[in-house]
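What follows is a set of notes on a single structure, which appears directly below.
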Amino acid sequence: MDQPTLTYALDGAIALIGLDRPDKRNALNAAMIEELDRAAERARAEAKAAVIFGHGGHFSAGLDLAEHVERTAVDNLHNSRRWHAVFDAIARGPIPYVAALEGAVIGGGMELAAAAHVRIAEDGAFFALPEGQRGIFVGGGGSVRIARLITAARMIDMMLTGRVLSAEEAERTNFVQYRAKPGAALAEAKTLAARIAGNAPFINFAIINALPRMQDLAHDDGLFVEALMAALTQTTPEAIAGLRAFLEKRSARLAPPDKGGGGA
Ligand code: 1HE
């Protein structure tokens, strides 16, 4: 049997998915994409949220170029479509993903991170799309997802010039929502995932599935879908229980960030 390229563990309600080809800086080969698909399938069945991270100090160096160089154009088309399907299973599945980013977050690694719903980068992480330098295009959904996050103009710059972003720049350009100290991204990602897993599963599903699709709709259609989602989510037992808990003063109050933030 081939060497596994991922680790999978269930930590309470959180699935922990670790990219595990550290000797190749977690470069994504076809076997890894298939393992990721199986891990996502398992996570959706047994977890309420997932964390994806890289073993060995790097998130991922992107597409496995050694495997890629052997591909024909048609093979590459099918490979790209497979990445799309697997990354969509993550991005548009029922459970939210938090990506813990350190070291290299390059090319396809950036595309995988973009398929997660919350990204946290530790200082020292670096982000690049060296496809232009390699004479290849992105193929893991980055044209849609990364361009939406950081703007097409910034993505064009990164692909044309090979510009490398720091964690600070990744936050400033909206690629990541959180930053962490070196070595702390995974622990903080688990904390965020645990918090997310405390929400009702249906509202998590609604948030991660409705909002990205609504970005594709015209203003009026988006507002109409929003009203439908508001009506649908209103009737769940979790929504009724959550509203009652607040009104009966059984839930924690929100507070400013410097006083703990949060609530629940
Ligand atoms: C790889 C890959 C890879 C490392 N495919 N084998 N991605 C890139 O263009 C990024 C290419 N990688 C790098 O720039 C560097 O490797 C790193 C900055 C990530 C790490 O540097 P370093 O000095 O720690 O390691 P290294 O010595 O460069 O690499 C260690 C090993 O990993 C080495 O193999 P070895 O057998 O000689 O030890 C490297 O060949 C191997 N390795 N990265 C294959 N990417 C769906 S379309 C998406 C398109 C893209 O993702 S394009 C971007 C590809």
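Brief remarks on what is shown
- As for the stretch 36-59, it holds no residue that is open to solvent by 40 Å² or more (accessible area, probe 1.4 Å), within 11 Å of the ligand (Cβ to nearest atom) and assigned to a helix (DSSP H, G or I).
- Restricting the stretch 62-96 to residues that are in a loop (DSSP other than H, G, I, E, B) and within 30 Å of Ala197 (Cβ to Cβ) leaves a set whose member that is nearest to the ligand (Cβ to nearest atom) is Gly62.
Quick grid of which residues meet (1) in contact with a Lys or Arg (Cβ under 6 Å, 6 or more places away or on another chain); (2) charged (D, E, K, R); (3) open to solvent by less than 30 Å² (accessible area, probe 1.4 Å):
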{"residue": "Ala99", "(1), (2), (3)": "yes, no, yes"}
{"residue": "Glu102", "(1), (2), (3)": "no, yes, no"}
{"residue": "Val105", "(1), (2), (3)": "no, no, yes"}
{"residue": "Glu111", "(1), (2), (3)": "no, yes, yes"}
{"residue": "Ala114", "(1), (2), (3)": "yes, no, yes"}
{"residue": "Ile120", "(1), (2), (3)": "no, no, yes"}
{"residue": "Ala128", "(1), (2), (3)": "no, no, yes"}
{"residue": "Ile136", "(1), (2), (3)": "no, no, no"}
{"residue": "Gly140", "(1), (2), (3)": "no, no, yes"}
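- Remark: Ala89 matches the filter, which requires a residue to be at pLDDT 95 or above and under 30 Å from Ala200 (Cβ atoms).
- Top-ranked residue in the stretch 11-35 [being surrounded by 23 or more Cβ atoms within 10 Å (Cβ to Cβ) and among the small types (Gly, Ala, Ser); ranked as nearest to Ser80 (Cα to Cα)]: Ala27
- Test: residue in the stretch 129-136 that is assigned to a loop (DSSP other than H, G, I, E, B), within 12 Å of the ligand (Cβ to nearest atom) and β-branched (Val, Ile, Thr): yes
- Qualifying positions in the stretch 142-152 - open to solvent by less than 70 Å² (accessible area, probe 1.4 Å) and either within 16 Å of the ligand (Cβ to nearest atom) or of a type in the set (A, V, I, L, M, F, W, C) (or both): Gly142, Ser143, Arg145, Ile146, Ala147, Leu149, Ile150, Ala152
The values are calculated or read from the model by the stated rules, or taken from the named source; none is laboratory data. The structure presented is a predicted model; accordingly, all values stated were derived computationally and were not measured. With ideal geometry, Cβ positions are generated from the backbone for all residues, glycine too; neighbour counts draw on all protein chains shown. Just the protein is used for accessible areas: all its heavy atoms, side chains included, with ligands, DNA and RNA removed. Shrake-Rupley method; radii C 1.70, N 1.55, O 1.52, S 1.80 Å.
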